[in-house]
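Here is the structure we will look at, set down as structure tokens.
The values are calculated or read from the model by the stated rules, or taken from the named source; none is laboratory data. Small disclaimer: the values here were computed from a predicted structure and weren't measured. Cβ: placed from backbone, ideal geometry, glycine included. Neighbour counts: every protein chain shown.
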Amino acid sequence: MKAMVATPCTTGKVYAEYTSCLVDSIKLCALNGIDLCPVFLGNESIIQIARNDLINIAYHAGVDMIWIDYDMTWNPEWIVKLLSSKEDVVAGTARKKTDLEEAYAVKLNDFTLHNNGYMKCQGIGTAFMKMSSRAVRSVCETSEPFTHHGKECKAVFDCKIVDGDFRSEDIVLCDKLKSIGFDIWLDPQMTCGHIGSKHYIGDIKQFIERIK
């Protein structure tokens, strides 16, 4: 099995902690018969363009992909778990980089833990998200084409204003996936570290237990 890790990195750099997790993930995947190929898109200041270029690569390669942001840390076993999942779209999350409050980039329908061990989302950030090749193909083939650097791409990612509310490119992706029949799942066991002025550590499972 082949799979792609897609990482947009605006400045062309990733954190050392990200790199350590990625190296360990590649080794663990190899032991499990998975050829994990990282692809970086650097020096593109428009994040939706970077993401569109990356998903275009996965589309043409016909492989499952995992979005991982350059400032994430994670347990390498989660990569194997995501790629082994029967669900097409499954994500972990990370605590936002602020000390003002504990917050996560996820919108839950409710707090039901389904039989697959996941919670269904209205939307979630793509900082740590698996998309199956089927999901990649479906969302690419139903998105509007555009030309970038002389090549045709699909506008899977975009930013929009909906009923006066700003929607970022990852929430627009979730909206598109849901509109063509895909569920968006959160694995509450997967809370990545988030590197900023410090290493922000959270626990989405415990957070949900406190607020529900």
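Some observations on this one:
Conditions (1) closer than 27 Å to His149 by Cβ; (2) touching a residue at least 40 places away in the same chain (Cβ under 8 Å); (3) aromatic (Phe, Trp, Tyr), marked per residue:
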{"site": "Met1", "(1), (2), (3)": "no, yes, no"}
{"site": "Cys9", "(1), (2), (3)": "yes, yes, no"}
{"site": "Cys29", "(1), (2), (3)": "no, yes, no"}
{"site": "Asn32", "(1), (2), (3)": "no, yes, no"}
{"site": "Pro38", "(1), (2), (3)": "yes, no, no"}
{"site": "Leu41", "(1), (2), (3)": "yes, no, no"}
{"site": "Glu44", "(1), (2), (3)": "yes, no, no"}
{"site": "Gln48", "(1), (2), (3)": "yes, yes, no"}
{"site": "Arg51", "(1), (2), (3)": "yes, yes, no"}
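- Residues located in the range 85-123, provided they are under 20 Å from Lys212 (Cβ atoms), crowded, with 20+ Cβ neighbours inside 10 Å and acidic (Asp, Glu): none
- Whenever a residue of the range 107-124 is closer than 18 Å to Met190 by Cβ and at pLDDT 95 or above, its partners that are small (Gly, Ala, Ser) and part of a strand (DSSP E or B), lying with C-beta atoms within less than 7 angstrom and at least six residues away or across chains, give the pairs Ile124/Ala91.
- Residues satisfying the stated conditions in the range 44-101, i.e. closer than 25 Å to Lys160 by Cβ and among the polar types (S, T, N, Q): Ser45, Gln48, Asn52, Asn56, Thr93, Thr98
- Residue match in the range 174-189 (condition: under 15 Å from Ile47 (Cβ atoms) and either touching a residue at least 12 places away in the same chain (Cβ under 8 Å) or among the hydrophobic types (A, V, I, L, M, F, W, C) (or both)): no
- Listed by position, the strands (runs of 3 or more DSSP E) enclosed by the range 130-212 that each have at least 2 residues that are under 21 Å from Leu82 (Cβ atoms) and within 14 Å of the chain's Cα centre (by Cα) are 185-195.
- Any hit, the range 31-39, residues being surrounded by fewer than 21 Cβ atoms within 10 Å (Cβ to Cβ), out of contact with any Ser or Thr (no Cβ under 8 Å at 6 or more places or on another chain), under 21 Å from Asp64 (Cβ atoms) and polar (S, T, N, Q): yes
- Thr126, sole failed condition from (1) polar (S, T, N, Q); (2) surrounded by 18 or more Cβ atoms within 10 Å (Cβ to Cβ); (3) not in a loop (DSSP other than H, G, I, E, B): (3)
- The requirement of being modelled with pLDDT under 95, surrounded by 12 or more Cβ atoms within 10 Å (Cβ to Cβ) and not small (Gly, Ala, Ser) is not satisfied by Asp165.
- In the range 45-82, the qualifying residues are those that are over 12 Å from Cys153 (Cβ atoms) and modelled with pLDDT under 95, and the one that is surrounded by the fewest Cβ atoms within 10 Å (Cβ to Cβ) is Ser45.
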